[in-house]
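The values are calculated or read from the model by the stated rules, or taken from the named source; none is laboratory data. Keep in mind that this is a model prediction, so the values were computed, not measured. Positions of Cβ are backbone-derived with ideal geometry, glycine not excepted, and every protein chain shown enters the neighbour counts. Accessible surface areas use protein heavy atoms only, side chains included; no ligands, DNA or RNA. Shrake-Rupley method; radii C 1.70, N 1.55, O 1.52, S 1.80 Å.
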Amino acid sequence: SLPAAGGYFLGGRPAAPTMLRFITSRLLQSLLALFAVITSTFFMIRFVPGGPFTAEKAVTPEILRNLEAHYGLDKPLWRQYADYLGSLARGDLGPSFKYPNRTVNEIIGDKLPTSLELGFISLAVALAIGITLGTLAAVKRNSWLDYVCSSTAMIGICVPTFVLGPLLV
């Protein structure tokens, strides 16, 4: 194959446009999947019996109407959905129903540093164990050490985290 201005030819086609088309396709598929999840979640929550204020202590119908008006739950369903999509597009996740005078963005912002720290520590531990076991298994192929390392990795992948976590503790 000869080099071309737009990239190297692979199988008679330039590589760069093919990869760009693949990435664009995957991004569009991801956006479609995200839209489907957002839409289904919105409507599933709206069609579940009860509401966000039914678990509260007994409130009068007037207070319930005021709460629903404050959070926009008294609007038609299509309007609630349009408002919800508009808020999500702006990055606004709205007010918290559980914590008064707080937004979901504030709650996530408070918890994000701790979650990131825990995630990075977990990733570091997983990489250290995975690279060590993988290297040992590759160096001692088809030996008992390879089988032990591969079995340990398979157990780590197959056992759910809510089962493995308490066992490791």
- Message: Taking the criterion of being open to solvent by less than 60 Å² (accessible area, probe 1.4 Å) and among the charged types (D, E, K, R), would at least one residue in the range 73-85 satisfy it?
- Response: yes
Apart from one, (1) modelled with pLDDT of 90 or more; (2) among the hydrophobic types (A, V, I, L, M, F, W, C); (3) touching a strand residue (DSSP E or B) at 6+ places or on another chain (Cβ under 8 Å) all hold for Leu127; the odd one out is (3)
Conditions (1) among the aliphatic types (A, V, I, L, M); (2) at pLDDT 90 or above; (3) touching a Leu at 6+ places or on another chain (Cβ under 9 Å) -> Val59 fails only (2)
Taking Ile121, is it in contact with a Phe, Trp or Tyr (Cβ under 8 Å, 6 or more places away or on another chain) and either modelled with pLDDT of 90 or more or more than 30 Å from Leu168 (Cβ to Cβ) (or both)?
no
message = Can you confirm whether Ser96 is polar (S, T, N, Q), surrounded by 10 or more Cβ atoms within 10 Å (Cβ to Cβ) and over 28 Å from the mean Cα position of the chain (by Cα)?
response = no
